[in-house]
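These notes are about the structure you will find just below.
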Amino acid sequence: MDDPLSPFDPVRDDVVAGGRRLTIARPRSAEDLIDEEAYARDERLPYWAELWPSGLALADRLAAVPLAGRRVVELGCGVGVPSVVCALAGGDVLATDWYGEALDFTRANAAAAGARLDTMLVDWADPPPELLARPRADLVIGADLLYEARNGPALAALLPRILAPDGDALIADPRRPHADALIDPLVAAGWSHLMREVRHGGRVDESGPLVRLHRLRPPPGGVPGA
Ligand SMILES: C[S@@+](CC[C@H](N)C(=O)[O-])C[C@H]1O[C@@H](n2cnc3c(N)ncnc32)[C@H](O)[C@@H]1O
């Protein structure tokens, strides 16, 4: 069978994430993957093809979370580092993205690490019935998802539909201006919100060396909007 990664001329980076040494494949050039038709259709850009510092910060945070047997859904997984870390820690992981190619890389990175996980093509704004029909997740995770104004409202609508009433969402964000568009509506609906800032070990880009780790929990007694 053809290797789905080979058209992307993959590079493999050795990273330490969540206390584990991983070799992570990603396309050599994210810029070369820009597709003007896809951008004209729904303004999508191939951000999945890079390993973002928030993903590493989230993976490090996950090292302190008990994961064995817990149902985990990653949103916007990119090349899948947090999902791989959760799967290696015994989580029952579903990694999702709206790029099938991101899922190919996530599966390859999981296989290289000896981890088992499932993948699903998911657009937050139009989640597939198979996602909504699954048992609710104990943990929903995501890194650097809030870089466009439209992303916060889509995620604020989706989270109550996929997270268990006693579940947690852990979202890592490099202080993007649109992050409040996720946090504010959930807090207004009674969700609890804790935030801490950590210094990340990845490359420092325009968003700086700090990542915010947001922990969101549904209100006691139910998930409004579910
Ligand atoms: C900045 S990248 C972060 C990737 C990865 N989480 C990391 O930290 O390396 C944002 C990710 O969200 C995905 N994404 C953006 N909009 C999406 C949408 N509407 N539905 C599903 N995934 C989306 C992108 O394809 C990409 O993988």
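Quick note: the coordinates plus some simple rules give every number you see, no bench work behind them. None of the values given here were measured: they were computed from a predicted structure. Virtual Cβ from ideal backbone geometry, glycine too; neighbours counted across all protein chains shown.
Please work out how much length the chain gains when fully extended from ARG161 to ASP35, using 0.36 nm per residue of separation minus the C-alpha to C-alpha distance, in nm with one decimal. Write down the numbers at each step before the final one.
Details: separation 126, 0.36 × 126 = 45.36 nm, distance 3.11 nm.
42.3 nm is the gain from fully extending ARG161 to ASP35.
At what distance in nm do the modelled label points of VAL187 and ALA63 sit from each other, each positioned 7 Å from its Cα along Cα→Cβ?
About 3.0 nm separates the two model spin labels.
Just name one of ALA111, SER6, GLY69: the one whose Cα is farthest towards the positive end of the charge dipole of the chain (beta-carbon charges, Lys/Arg +1, Asp/Glu -1).
Positive-most Cα among the choices belongs to GLY69.
If amide H atoms are built 1.01 Å from N in the plane of the peptide, which residues on other chains or at least 5 residues away come under 5 Å of the amide H of ASP168?
LEU139, VAL140
Spelling out what I want: for every residue of region 68-74, take phi, set θ = phi - 60°, compute 6.51 cos²θ - 1.76 cosθ + 1.60 (Karplus), and round to whole Hz; glycine and proline get x.
Per residue, the Karplus-derived 3J(HN,Hα) values read 4, x, 7, 7, 10, 10, 9 Hz.
Just the number, please: percent antiparallel of the DSSP beta bridges in region 108-226, rounded to the nearest 5. Kindly include the intermediate steps, with their values, before the conclusion.
Details: 13 of 19 bridges.
About 70 percent, rounded to the nearest 5.
Of all beta bridges DSSP finds with both residues in region 6-217, what is the antiparallel percent, to the nearest 5? Let's see the in-between values first.
On the way: 20 of 38 bridges.
Roughly 55 percent of the DSSP beta bridges within region 6-217 come out antiparallel.
Just from the alpha-carbon atoms, what are the Rg and Dmax of the chain in angstroms?
Cα radius of gyration and Dmax of the chain are 16.4, 50 Å respectively.
If packing is taken as the mean number of other Cβ atoms within 10 Å per residue, what is the order of 102-112, 78-88, 210-220, highest first? Before the final figure, lay out the partial values.
Working: 102-112: 21.4, 78-88: 28.5, 210-220: 18.0.
For the peptides 102-112, 78-88, 210-220, the packing ranking is 78-88, 102-112, 210-220.
Of all GluC sites (Glu not before Pro) in region 128-208, which ones are in loop regions per DSSP and have a Cβ with at most 14 other Cβ atoms within 10 Å? Don't skip to the answer; put the middle values down first.
Numbers: sites: GLU130, GLU148, GLU197, GLU206; in loops: GLU148, GLU206.
Passing both the DSSP loop test and the Cβ count: GLU206.
Expected output is a single nm value to one decimal: the length gained when fully extending between LEU121 and ASP9, i.e. 0.36 nm times separation in residues minus the C-alpha distance. What is it? Please report the intermediate quantities before stating the final value.
Numbers: separation 112, 0.36 × 112 = 40.32 nm, distance 2.26 nm.
So the extension gain works out to 38.1 nm.
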